[in-house]
Amino acid sequence: MKELTYRQAVIEALSEEMERDPRVFCLGEDLADGGISGRYEGLASRFGPKRIIDTPISETFIAGGAVGAAARGLRPVCELRIADFMLVAMDEIVNQIAKLRFMSGGQCRLPIVIRSVYGIWGSMAAQHSQSLEALFFQIPGLKVIDPSNPADAKGMLKAAIRDDNPVLMLERKALSEKKGPVPDGDFVVPIGRASIPMEGEDVTIVSYSFGISLALEAAGRLAHRKISAEIIDLRSLTPLDYGAVRQSVKKTGRLVVASEGVRKGGVGAEIAADIAEQAFRHLKAPIVRLGAPFVPVPFSPKLEKLICLSADDIEKAALKTMGPDLI
Amino acid sequence: MAYSNEFLLSLYTKMIRIRKFEETILELEKSGQFFGLYHLYIGEEAVAAGVCANLRNDDFITSTHRGHGHCIAKGADVKKMMAELFARQTGYCKGLGGSMHIADFSVGMLGANGIVGGGYNIAAGSALASWITGGKQVSVCFFGDGASNRGTFHEALNMAALYKLPLVYVCENNEYAASTATAKSTCITRISERAKAYGIPGMTVDGNNVLEVYEAAGYLVDRARRGEGPALLECLTYRHFGHVRGDAQRYRDQQEVEERKKNDPLVSFRTMVLENNLVSEEQLANEEKEAADEIINAVSEARLAPEPEDCQLFENLYVYEEGEGAVQ
């Protein structure tokens, strides 16, 4: 076990998988130079220009080219930089990557990984700050993962590269330099299973990605008030581990769903609806669903803070499920 | 250039199969037996046949919404194609794709595409695979004059030229993007001129003359295979029927259509080989009969084949692990 940042853990995963399988290569902008924020640091000199392939600013080529290369038996890792830029390649991701296997009656496998960083991080404004996971988890044919810590980032990226399906790996900007223990050796985390970073009895807090850091902070404060929170880290949004959430809610009877994306129609809405359908009788209080208001991300630090999910929000939501007099 | 009797006949075989396939669809459509969208290739057969005659089985193509001709020319099985149009289990896509998504990966046909301009990058990615692995396979991307105005054209051609990918872009200029005439949508008269912007060769040929297409494509495919980079080949042709089923074609005169139909690639090829005694009337008639019989059989078999089972809806959405249920 060693301490690595999220970014280092990801580079380690890439480098181990490229070493393990000569079919794996990376495709994207500025990769030879280490990628933005050093996301591919050291890989170009180690693997050369035919494994770390620099492209012009051509997102439709990066994603569409991956289809052709994958259909030929290679295993591309596409760097789409910032989630907002993924929208430029929406046809390639949604109409081509997600559908070619299905449309062709299963004739091909498309082992494509798309990596993209996302989320609010220091006044980058409306076109560099979006949390778009809900757009993509609506698309059949894609898998969508959003790891919350360095160990999962490494283990899930390795699983994604080995997966014969297209996997979109979302990486929250705020987590990039966050450190955490990462197991040594060939550490692979299966895609599609939630984890329980904290067990508890009174209220279930479901979140993912940076939301888990906030949930852990909130749970610490709740513990001081003798409220025991159970945290579910979804980790993977497709497949979504409905079972883990249902099981926890059956135990606690209370549910807070916290997501940084727009609340309307988001991941939280899906979880809340599922619990309302499948575990209604176990609920002791109405579900509380946290998410961003229906507005683009503003530049002003003051207004940006206003729409950010916080540990405070999660703490208050949990208290609300425990009884109105606690808030 | 002198061509063998066998080679000339092989070109005709492809063209006549495409023609009969499409004519059969027209007949089925008239009798109300078809559903969904399909786009007929009648009038453009010389392009697919001439280009694909240069390709090996392990070369790759990407196609368009108007893809039946490309499939047949690359060696796809008309029975599986017809079964797909009937939405049968025995179809290429097991009834999940239909006309606009027919693919045959075993012959390097990476798929028709319902998105205009969707093939440029897929073909470039296939060519990139050759570049990465050092393989000699060439990739060909068919597209239309309308698609040449998509932004993906620029991203793919720039990347392909930058890395000298083994790739030929083949524009089938049939003069109409759905209902919009090329002159109303495109600011140059020759789409091949756009090659200059990428520093690659651009050529325009008579797309109704299969030998002219064959020779030009042959030059560009060989060049790509030698590692000299991509090229843009524009083939001037004409779509004899509407853009899609139910197209009333108010955008062009019937007189124009009749006039242009006189330059039918199959008729002119037939006349040329007969006048020069290169192929006999009997040989051509044989090919015509064989193609017609093959398509009739394909229809009969498709009619009898089973529709997909309900469980097949999810079967090929993902590659599942053993014991894994449907992904949700």
How many residues are more than 14 Å from chain B (Cβ to nearest Cβ) and within 19 Å of B:E324 (Cβ to Cβ) if we restrict to the range A:162-194? 1
Kindly establish whether A:G268 is assigned to a helix (DSSP H, G or I), touching a Gly at 6+ places or on another chain (Cβ under 6 Å), in contact (Cβ under 8 Å) with a residue 12 or more places away in the chain and not assigned by TED's automatic domain parsing to the domain that holds A:D146. yes
May I ask you to say which residue of A:R109, A:R46, A:R101 is more than 13 Å from the chain's Cα centre (by Cα), basic (K, R) and assigned to a loop (DSSP other than H, G, I, E, B)? A:R109
Is it fair to say A:L170 is touching a residue at least 24 places away in the same chain (Cβ under 8 Å), part of a strand (DSSP E or B) and outside the structural domain of A:L303 (by TED's automatic domain parsing)? yes
Report whether or not B:G36 is surrounded by fewer than 20 Cβ atoms within 10 Å (Cβ to Cβ) and either in contact (Cβ under 8 Å) with a residue 60 or more places away in the chain or not in a helix (DSSP H, G or I) (or both). yes
Restricting the first residue to the range B:123-139 and requiring it to be more than 8 Å from every other protein chain (Cβ to nearest Cβ), which pairs with a second residue that is part of a helix (DSSP H, G or I) and surrounded by fewer than 20 Cβ atoms within 10 Å (Cβ to Cβ) meet a Cβ separation below 8 Å and a spacing of at least six or different chains? B:K136/B:R225; B:V138/B:R225
Quick one: which residue in B:N158, B:N209 is more than 21 Å from B:F60 (Cα to Cα), out of contact with any Cys (no Cβ under 7 Å at 6 or more places or on another chain) and modelled with pLDDT of 95 or more? B:N209
Given A:I205, A:I212, which one is crowded, with 24+ Cβ neighbours inside 10 Å, touching a helix residue (DSSP H, G or I) at 6+ places or on another chain (Cβ under 7 Å) and either polar (S, T, N, Q) or modelled with pLDDT of 95 or more (or both)? A:I205
Regarding A:E92, is this residue crowded, with 23+ Cβ neighbours inside 10 Å, more than 8 Å from every other protein chain (Cβ to nearest Cβ), acidic (D, E) and not in a loop (DSSP other than H, G, I, E, B)? no
From the list B:G114, B:G91, pick out the single residue that is at the interface with another protein chain (Cβ under 8 Å from one of its Cβ atoms), surrounded by fewer than 24 Cβ atoms within 10 Å (Cβ to Cβ) and within 20 Å of A:F102 (Cβ to Cβ). B:G114
Considering only the range B:312-328, state which residues are facing another protein chain (nearest Cβ under 8 Å) and assigned to a loop (DSSP other than H, G, I, E, B). B:N316, B:L317, B:Y318, B:V319, B:V327, B:Q328
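The values are calculated or read from the model by the stated rules, or taken from the named source; none is laboratory data. Predicted, not measured: the structure shown is a model, and the values here were computed from it. All Cβ positions, glycine included, derive from the backbone under ideal geometry; neighbour counts span all protein chains shown.
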